[in-house]
């Protein structure tokens, strides 16, 4: 699999590319299970810092980062105002 990238003429890899290490990392990545991660939304998003880091330092597309920020803000708003629980296990109270 990695060999197909090594032979690529579009963007050739450097001669000292550690393909064996890349194969090891791709074959058994170090991951954290989602059940072991807790996300806290208690601080405001530092949009300018995030834009500067992702766009200016890491080369991400400004439009895509701004779109992602809009999605993140929308998700945060839904977390602040959760929908009422309409699960079928709860018995509805009857009006008398």
What full-extension length gain, to one decimal in nm, is calculated for residue 35 and residue 49 as 0.36 nm per residue of separation minus the Cα-Cα distance? 2.2 nm
Additional length obtainable on full extension of the chain from residue 61 to residue 15, 0.36 nm per residue less Cα span: 13.6 nm
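Every number in this text was worked out from the coordinates using simple rules, so none of it is lab data. In this text, all values refer to a predicted model and were calculated from it rather than measured experimentally.
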